[in-house]
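FYI, it's all coordinate maths here, none of it is from the lab. Only a predicted model underlies this, so the values are computations on that prediction, with no experimental measurement involved. Cβ: placed from backbone, ideal geometry, glycine included. Neighbour counts: every protein chain shown.
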Amino acid sequence: MPSDHFRPATLGLGGNVGDPVASMAAALQALDARADTRVTAVSRLYRTPPWGKTDQSFFVNACAAVETQLTPEALLDVCLDIEREMKRERIERWGPRTLDIDVLTFDNVEQAAPRLELPHPRMTERGFVLMPLADFAADLAVKGRSVGEWLKDADVQGIEIADASRDWWTKS
């Protein structure tokens with residue numbers, strides 16, 4: 001059941017199969033079209049080397065800020081539904097995918113629930129999350145440090161800006 005006030009959340013998006021930019025743009029447009037969720041900021045697009053499983057194509061990654069009336073779990077469900085609509089297939093951990101949407105942070109919620117851990121448990125270790133997130137949320141506190149501080153310690157080798165525009169998601 002949605003609440004009557006909007007709460008901030010951040011999302012990580014990525015993909016490396018098909019046209020990941022089009023998939024991410026469609027996902028953000030779908031979120032923004034909902035009455036209970038609006039997109040408030042979007043990062044630049046980044047081309048990032050594969051992580052975890054390295055014998056695959058480079059990824060395209062971005063982050064977005066939203067305001068939502070949904071609960072954290074309901075926001076996750078909406079994101080998973082969008083992934084399915086975009087034909088996301090979870091074949092192998094860290095493997096190729098058309099679209100991946102992670103709920104990174106949700107207001108000041110800290111939880112270790114099996115279904116949704118907040119903040120995202122590995123976000124502070126991942127340059128491909130921190131770089132785009134720092135585009136609009138460098139001061140956001142996560143686990144006692146700002147995103148910008150975490151980024152200084154993150155491995156960002158091989159990560160490049162693929163599109164410096166922040167309105168890439170509105171163009172298609």
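What to note about this one:
- When the Gaussian network model of the chain links Cα atoms closer than 10 Å, the mean-square fluctuations of ALA65, ALA27, ALA141 top out at ALA141.
- The phi torsions of region 125-136, fed into the Karplus equation with coefficients 6.51, -1.76 and 1.60 and a -60° offset, translate into couplings of 9, 10, x, 6, 9, 5, 4, x, 5, 5, 4, 10 Hz, rounded to whole numbers, with Gly and Pro shown as x.
- Basic side chains Lys and Arg get +1 at the Cβ, acidic Asp and Glu get -1 at the Cβ, and with that the dipole of the chain about its Cα centre reaches some 260 debye.
- Max mean-square fluctuation residue, GNM over the chain, Cα-Cα springs under 10 Å, options SER146, SER43, SER23: SER146
- Just checking the listed ones, VAL109, VAL147, VAL42: in the Gaussian network model of the chain with Cα springs under 10 Å, the one fluctuating most is VAL109.
- For region 93-172, the Cα-based Rg and Dmax, in that order, read 13.7, 38 Å.
- Rounded to the nearest 500, the 222 nm mean residue ellipticity of the chain from helices alone is -8000 deg cm²/dmol, with -39,500 (n - 2.57) taken per DSSP H run of at least 4 residues.
- Using a Förster distance of 25 Å, the FRET efficiency for ASP139-ILE161 (Cβ separation, nearest 0.05): 0.75
- At the listed q of 0.18 Å⁻¹, the Debye profile of region 1-65, built from one uniform point per Cα, gives log10 I(q)/I(0) equal to -0.71.
- In plain terms, the C-alpha convex hull of region 104-151 casts an average shadow of 3.1 nm² when viewed from every direction.
- For region 8-18, backbone phi angles converted through the Karplus equation (6.51, -1.76, 1.60; θ = phi - 60°) give residue-by-residue couplings of x, 8, 10, 10, x, 10, x, x, 8, 10, x Hz, Gly and Pro being listed as x.
- Scalar couplings 3J(HN,Hα) for region 154-159, obtained by applying the Karplus form with A = 6.51, B = -1.76, C = 1.60 to θ = phi - 60°, are 8, 7, 10, 4, x, 7 Hz; x denotes Gly and Pro.
- Taken along its principal axes, the alpha carbon cloud of the chain reaches lengths of 44, 36, 33 Å, longest axis first.
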